[in-house]
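Undergrad: Let me give you the structure first, and then I'll get to my questions.
Rule-based calculations on the coordinates, nothing more; no lab input. All of these numbers come straight from a predicted model, not from anything done at the bench. Using ideal geometry, Cβ is built from the backbone for each residue, glycine included, and neighbour counts are taken over all protein chains shown.
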Amino acid sequence: MSFRPHLTELRREWEAIYGPSDAADGWLLVEHLRVLRTRASYPSAITKVYNATLRQIAQALRQPIQYAGPGTWSVFARPRKLLALRDVSAIPGSSADDTCLVVSAELWRAFRDVSLWVEALCIHEWSLFTERVSGDVTRGRAYELLTTRPGNRLPVIWERNQIDLLMQEGTSFTCPWTGRLLPREAYQLDHIVPIAIHPFHEMWNLVPAHPGFNMHKKRDRLPNSDVLQVAMPRMEVTYGNYATAPELAKALRGDVSLRFSLLDVTPTTITRSVVDLVESIAEARNVERFSG
């Protein structure tokens, strides 16, 4: 089954907004459209073709899932609506009407443990396949395209405006990494988990930071454990500040629900969850980290 026409149209609609695209822009698009407030800012044409593309991809994936292992549905049970499932832990952001594939806890842990090897093998095999069938794309070029990571192309105008309003009203923000008090005219919105590692374009991942430190020290790196421990109280204050502004509080709660399974959403629980996520990504991906 081919879903190339939908992907081509999706790319055309994306480029109408952001200009020429690169290999990582699909990743950015998926992450951006997960967030309701940013999804609502897109024209209906792009969301329509995006939804059609997802339906085709889901249908294409159904067959290899069905025939994994001997016979049919021997490794995985037939996908069902979330509302019909019992005793499962849904991925954050799932809705009751979503069709879900249930993965056993044991298999989930195994996937987590070998994810890097599986990813590397898939990239290697797909690069060889692309070279074999395309005739004009080498395996090296295919590998380069498959491993491209996005730059920070998505705007943070709305988020910055909301924080500026808080600052105008007298709310103080402190850089989580340096501890410096931030003036309204001299701060940057920093992605705690950099876009180059994963494009979490959500309020819990956006914190005001000292521009010099953000550009020259942090860059595309994760904070190490010691830096995180020192930063936690400052992050908690930042999330608490967000919670005092109705629009920011709504955005923060919605974005947290996409990533974390929290029964009690408070600045403290958000901070702990974000720190745990950073540590998990650092361990799983073996990415570069910065010290204080």
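Undergrad: Quick one: angle between helix 225-242 and the longest Cα principal axis of the chain, in degrees between 0 and 90, rounded to 10, please.
TA: Roughly 80 degrees, rounded to the nearest 10.
Undergrad: Using the alpha-carbon atoms, what tilt in degrees (0 to 90, nearest 10) does helix 267-285 show relative to the longest principal axis of the chain?
TA: Approximately 50 degrees, to the nearest ten.
Undergrad: Cα-Cα pairs above 29 Å in the chain: how many percent? It would help to have the intermediate numbers written out before the result.
TA: Working: 18489 of 42486 pairs.
Value for the chain: 44 percent of Cα pairs lie more than 29 Å apart.
Undergrad: Within 10 Å of each residue's Cβ, count the other Cβ atoms and sort ASP276, ASP255 from fewest upward. Working shown, then result.
TA: Details: ASP276 12, ASP255 24.
Fewest-to-most ranking of ASP276, ASP255: ASP276, ASP255.
Undergrad: Helix 105-134 against the longest principal axis of the chain: what's the angle in degrees, Cα atoms only, rounded to the nearest 10?
TA: 70
Undergrad: For region 165-235, compute Rh as the Kirkwood radius over C-alpha pairs and then the Stokes-Einstein diffusion coefficient at 10 °C and 1.306 mPa s; write the answer in µm²/s, rounded to an integer.
TA: Values: Rh = 12.5 Å.
Calculated translational D: 127 µm²/s.
Undergrad: Computed FRET efficiency, Cβ-Cβ of GLU15 and LEU36, R0 22 Å: what is it to the nearest 0.05?
TA: Computed FRET efficiency for GLU15 and LEU36: 0.40.
Undergrad: Also: Let's test the formula: R0 of 45 Å, r as the Cβ-Cβ distance of LEU85 and ARG180. What FRET efficiency results, to the nearest 0.05?
TA: 0.40
Undergrad: Among ILE197, ILE270, which comes first, then next, by fewest other beta-carbon atoms within 10 Å?
TA: Numbers: ILE197 19, ILE270 26.
Final ranking by Cβ density, sparse to dense: ILE197, ILE270.
Undergrad: Normalising by the residue count of the chain, find the relative contact order in percent from Cα pairs under 8 Å and 6+ residues apart.
TA: Working: 293 pairs, mean separation 47.4, N = 292.
Result for the chain is 16 percent.
Undergrad: Still on this model: Given R₀ = 45 Å, FRET efficiency for ASP22-PHE76 by Cβ-Cβ distance, to 0.05?
TA: Details: r = 34 Å, r/R0 = 0.75.
According to the calculation, E is roughly 0.85.
Undergrad: Moving to a separate point now. Label ARG253 and SER104 with points 7 Å out from Cα along Cα→Cβ: what is the distance between them in nm?
TA: Those two pseudo-labels are separated by 3.9 nm.
Undergrad: Run the reach check for LYS250 against lysines, Cα to Cα strictly under 29 Å, same-chain hits fewer than 8 apart removed. What comes back?
TA: LYS48, LYS81, LYS218
Undergrad: Given just the C-alpha atoms of region 1-66, how large is their convex hull per residue in cubic angstrom? Intermediate values should be presented prior to the final figure.
TA: On the way: hull volume 6.1 nm³, N = 66.
Convex hull of Cα atoms, per residue: 93 Å³.
Undergrad: Using the number of other C-beta atoms within 10 angstrom as an exposure proxy, rank CYS175, CYS122, CYS100 with the fewest first.
TA: On the way: CYS175 23, CYS122 11, CYS100 16.
Fewest-to-most ranking of CYS175, CYS122, CYS100: CYS122, CYS100, CYS175.
Undergrad: Still on this structure, I have one more. Multiplying the sequence separation of ALA45 and MET215 by 0.36 nm and subtracting their Cα-Cα distance, what value in nm do you get? Please report the intermediate quantities before stating the final value.
TA: Details: separation 170, 0.36 × 170 = 61.20 nm, distance 3.59 nm.
That pair, ALA45 and MET215, stretches by 57.6 nm at full extension.
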